[in-house]
Each structure stands twice: as structure tokens, then as C-alpha cells.
1. Once you've got the Cα coordinates, tell me which of Lys65/Lys93; Lys26/Lys93; Lys15/Lys126; Lys15/Lys57 are over 25 Å apart.
2. What order do you get for 51-64, 140-153 when each peptide is scored by the mean count of other beta carbon atoms within 10 Å, highest first?
3. Please report the carbon-and-sulfur percent of the accessible area for the stretch 42-169; probe 1.4 Å, protein heavy atoms only, DNA, RNA and ligands left out.
4. Per DSSP H run of n ≥ 4, the term is -39500 (n - 2.57); total these for the chain, divide by its residue number, and report the mean residue ellipticity at 222 nm rounded to 500 deg cm²/dmol.
5. Quick check: the angle from helix 3-19's long axis to the longest principal axis of the chain, C-alpha only, nearest 10 degrees?
6. Tabulate in residue order the Karplus-calculated ³J(HN,Hα) for the stretch 162-173, using 6.51 cos²θ - 1.76 cosθ + 1.60 with θ = phi - 60°, rounded to whole Hz; enter x for Gly and Pro.
7. Between the DSSP loop rule and a limit of at most 11 other Cβ atoms within 10 Å, which GluC sites (Glu not before Pro) in the stretch 73-127 are left?
8. Might you tell me the accessible area per residue for the stretch 32-159, computed with a 1.4 Å probe and given in Å²?
Amino acid sequence: MELDQIEKNWETYEKLCNILDDEHLKSFLNQHGERIAMCPASTRTDQYGCEPGGLVKHALDVALKTRSLNESMDLRLDLNSVLKVSLLHEVGKIGDLENDYFIPQESEWHREKLGQMFIYNPSIQKMSVSHRTLFLLQHFGINLSTDEWIAIQVSAGLHFEENRFYSGSEPTLALALCQSKQLVIHQSINSNNG
């Protein structure tokens, strides 16, 4: 992704976040905005968003898809909640308060043969992306409703052991986010392969 596209995506992302009118979110963006803007969404080229700026592009695509699903299915979800969970559901991919989660892959063999452009930073505390996301949001005082919290928690999928508890009783917001995310990933991977 070209730098001008990363900047354009960041401006859109920040503008949508500002709709939420949350001073704590603005503080988070002010402190970690560059890291969020430049963060990849994944480690390998056969996955979605494996490039600087991939996380923000993914979040914007998910926000658009979730809003569209909300309107087309008449789910009557609060637009602010849709925006909040869509834009922030994977923000834990930036890493902890000081260190990046993804670092460049130094092995040429891994980059060329496996398409692994990034690796997980071994020097930060292990946490799932959803747990790290929820930690960062609470650290900055960004309030979440129960439905928003569950939506972010289960956004990686209900197949994970930590999320199975919610299966069958997850709020509509969580279902909309999960479906939108999966559709965006599916479309991204298919467009890269075909």
C-alpha cells in the first residue's frame, strides 16, 4: 500500500472515530495513531492486510460491511456501537503500550518461500488479540457496553475455546461484527488470489 493511501485511510479512520465523540479514544489515537496507521493486519501475504496500513484498511472495510449488514438486515444496531467495534476490534494488533506486536521478518527465506513478512514480537507478553484489544481500551478509559465488549471478545471467532461460552447467546452486534469480518477477509483473500 502506498504511503498516500495509508494517510488517506488514516484520515478516514480518525474521522469515523471522532464521530464517537470520546475524549479517551482521542487520547488513545493521539498517543498511538502512527502505530495504528502503520500496523499490518497479519503476518503472511496469503492472509488479509499483510502490509503497513493493513489494520486500518481492514477496520474500515469491516465498518462499511457491518453498517451495510445492519441496514440491509434491519438489525437496528446503534451506529456508534457498530463504528466502535468495527474500528477497534483488532487494535490489539499494535502490541502493548510500548512494543509492536508485529515486527519485520528478517529471514529472506521466510519472506520469499512462505510470504511471511512479519513475525510476532517474542518480547511482549502473550495475549490473544481480543484480550490485548480489551486491555488497551480499558487502559485508556474507553468505555464499552456489554454488547460491545462481547462483540470485540468473540470477533476472532466462536471456534476459539475462550469464546465458546458465548456461542448461542452472543448479542446481535457480535454476530454482525463476526460475519462482516469474515466476509471482508474472504473477499480480500479471494481478490488477492484471483
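1. Lys15/Lys126
2. 51-64, 140-153
3. 52
4. Mean residue ellipticity, 222 nm, calculated: -18500 deg cm²/dmol.
5. 20
6. 5, 9, 4, 4, 7, 4, x, 10, 5, x, 4, 4
7. Qualifying residues, ordered by number: Glu98, Glu106.
8. I get 49 Å² per residue for this part.
The values are calculated or read from the model by the stated rules, or taken from the named source; none is laboratory data. Just so you know, these numbers come straight off a predicted model, no measurement behind them. Here the Cβ is made from the backbone with ideal geometry for all residues, glycine too, and neighbour counts use every protein chain on show. To get the accessible areas, we keep the full protein, side chains included, count just its heavy atoms, and leave off ligands, DNA and RNA. Shrake-Rupley method; radii C 1.70, N 1.55, O 1.52, S 1.80 Å.
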